[in-house]
Every structure is written in structure tokens, then in C-alpha cells.
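The values are calculated or read from the model by the stated rules, or taken from the named source; none is laboratory data. Predicted model, so just to flag it, every value in this text is computed and none were measured. So basically every Cβ, Gly included, is an ideal-geometry build from the backbone, and we count neighbours across all protein chains shown. Each accessible area value is taken on the protein alone, full model and side chains, heavy atoms only, with ligands, DNA and RNA left out. Shrake-Rupley method; radii C 1.70, N 1.55, O 1.52, S 1.80 Å.
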Amino acid sequence: MNKGKIIVLSAPSGTGKSSIIKKLLEYPELNLGFSVSATSRAPRGAEQHGVEYYFISQEEFKEKAEAGDFVEWEEVYPGTCYGTLKSEVQRVTDAGQNLIMDIDVKGGINVKKCYGDQAITIFILPPSKEELERRLRGRGTDADDVIRKRLDKADYELSFASQFDVNIVNDDLDKAVSEVMQIIVGK
Ligand code: ADP
Ligand code: 5GP
């Protein structure tokens, strides 16, 4: 049986990964299944448990990490962990789907190390730092200190862009979606 592809999208928070993935999931011909990560952060806006994330406590996160339940996990922000569950990769690949992941830069690089050519890592770039800040504020879901932490981390994250297979600028959302689609189909 052919192994499904693993498509990784990474970018500084607020660049538009979730928006791009939401649109990609509207195309059944791409046969994509979203990898729902576990996180110890609280739901944001209308996010639902089991849809955007599995929202668990920091204690439960640690227990799962110790039990070896994750393919990869990172403390993306101090005190806030995110990880890809082995069960999630299994769920999507068992369904015969290609797996699409929204994970941080280090997680993306680790997935590439783990899965090699089966994985394609895509780094999404914001058009500028000013636009990134506008998007984070415009999203209207995070407190000011949370936005600050995310912006402070952006330069560090951007320094990893060259380690990804492909870089795409998310200026016009539809254009970015179509560029990612071409990569998924063409791989
Ligand atoms: P991420 O998942 O990378 O944190 P989101 O997808 O939540 O980012 O996008 C952050 C904000 O930017 C959202 O309010 C979204 O509607 C907006 N956004 C996404 N892509 C674009 C774009 N190309 N142009 C303008 N606004 C965008
Ligand atoms: P947010 O809180 O904005 O949803 O996500 C914050 C950061 O955590 C983003 O960079 C997102 O890609 C990353 N992230 C989400 N899920 C995972 C995961 O399972 N593993 C890793 N390493 N990072 C993740």
C-alpha cells in the first residue's frame, strides 16, 4: 500500500497557517486529514476540543510525554506545550489520508528527520513583521502579553525558514493556498 504524504506547515503565530489549512481541507481531492495536536494552552475564541486541538492540562501533557504517546512535542512558549500524538498519525493514515500538520518550526524539522521523503515541510512567511502584528491583533483572540510573546519569538522562528523544503509568502490568502496545493499535488 502507498504511504500517504505528510505535509507540515510551520510559521510564526499569526502568519495564517490555520487559515490556509482550513481552506485546503475544503478540497476532497487532496484527501487530507488534519493532525489534531494536544496542547496545554486554553481554547481560544470558538476553538473546540478534538477539532483544533485536544486541550489537556500541563500535568496530563507531561504524563503522555513520559508514556511515549507523542511523535514529537515542544514547549513552544514557556509553560505551554504542544505535541503530535502517535494515535493521531495512526487515525489519519489508517483512513488512507494524507496527513497535514500545523506545528512549530522545531517540530517541523523533527518530523522531516523522522519521515524523510514521505514528509514535505512548508514554511509560511508573513509579508512583513508589521503585517504579522496586525494579523495577531486583528485576530482578536489573544491578550496583549500573549501577542507580545508571539511577536518576540517570530524572528527566531523565521531564522529556521531555510531548513524547510519550501517557503511560501502568505500575502494573498488564495494565492498562498493555491501554491501549497500545487506542492501537495506535485510531490
Ligand atoms: P496562524 O494559524 O498562523 O496562527 P491564523 O490562520 O489564525 O494564523 O491567521 C491570523 C489572522 O490573520 C487571522 O485573523 C486570519 O484571518 C488573518 N489572515 C490569514 N491570512 C491572511 C492574509 N493572507 N491576509 C490577511 N489576513 C490574513
Ligand atoms: P497556537 O497557540 O497559535 O495554536 O500555536 C502556537 C504554535 O504551536 C504554532 O507555531 C503551532 O504551529 C505550534 N504547534 C501546534 N501544534 C503543535 C504540535 O503538535 N507540535 C509542535 N511542535 N508545535 C505545535
Residues of region 119-142 that turn out to be assigned to a helix (DSSP H, G or I) and of a type outside the set (A, V, I, L, M), as a count: 9
Count of region 129-157 residues which are open to solvent by less than 40 Å² (accessible area, probe 1.4 Å) and away from ligand 2 (no atom under 13 Å from the Cβ): 0
Filter pass, Ile168 being among the aliphatic types (A, V, I, L, M), touching a strand residue (DSSP E or B) at 6+ places or on another chain (Cβ under 7 Å) and surrounded by 17 or more Cβ atoms within 10 Å (Cβ to Cβ): yes
Strands (runs of 3 or more DSSP E) contained in region 1-53 and holding at least 3 residues of a type in the set (A, V, I, L, M, F, W, C) and touching a Ser or Thr at 6+ places or on another chain (Cβ under 9 Å): 6-10
Breaking point among (1) within 18 Å of Asn98 (Cβ to Cβ); (2) touching a Ser or Thr at 6+ places or on another chain (Cβ under 8 Å), for Glu179: (2)
In region 90-109, residue farthest from ligand 2 (Cβ to nearest atom) [restricted to those that are surrounded by 20 or more Cβ atoms within 10 Å (Cβ to Cβ) and assigned to a helix (DSSP H, G or I)]: Val92
Selected residue [in contact with a Ser or Thr (Cβ under 8 Å, 6 or more places away or on another chain) and over 23 Å from Ala42 (Cα atoms)] from Ile122, Ile103: Ile122
Output for region 110-128, where each listed residue is within 13 Å of ligand 2 (Cβ to nearest atom) and in contact (Cβ under 8 Å) with a residue 40 or more places away in the chain: Val111, Lys112, Cys114, Thr121, Ile122, Phe123, Ile124, Pro126
Hits in region 159-171 - residues which are of a type in the set (Val, Ile, Thr) and either within 12 Å of ligand 1 (Cβ to nearest atom) or farther than 23 Å from Asp117 by Cα (or both): Ile168, Val169
Some residue of region 18-32 being open to solvent by less than 20 Å² (accessible area, probe 1.4 Å), near ligand 2 (Cβ under 8 Å from one of its atoms) and under 14 Å from the mean Cα position of the chain (by Cα): no
Answer from Asp69, Asp117 - the residue that is open to solvent by 50 Å² or more (accessible area, probe 1.4 Å) and either over 23 Å from Ile20 (Cβ atoms) or under 14 Å from the mean Cα position of the chain (by Cα) (or both): Asp69
Residue pairs meeting the criteria (Cβ under 8 Å; at least 6 apart or on separate chains; first more than 18 Å from Lys113 (Cβ to Cβ), in region 64-76; second outside any strand (DSSP E or B) and more than 6 Å from ligand 2 (Cβ to nearest atom)): Lys64/Ile56; Asp69/Lys86; Asp69/Ser87
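Okay, residues lined up against (1) within 11 Å of Ser10 (Cβ to Cβ); (2) within 11 Å of ligand 1 (Cβ to nearest atom):
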| site | (1), (2) |
| --- | --- |
| Gly116 | no, no |
| Arg135 | no, yes |
| Glu157 | yes, yes |
| Leu173 | no, yes |
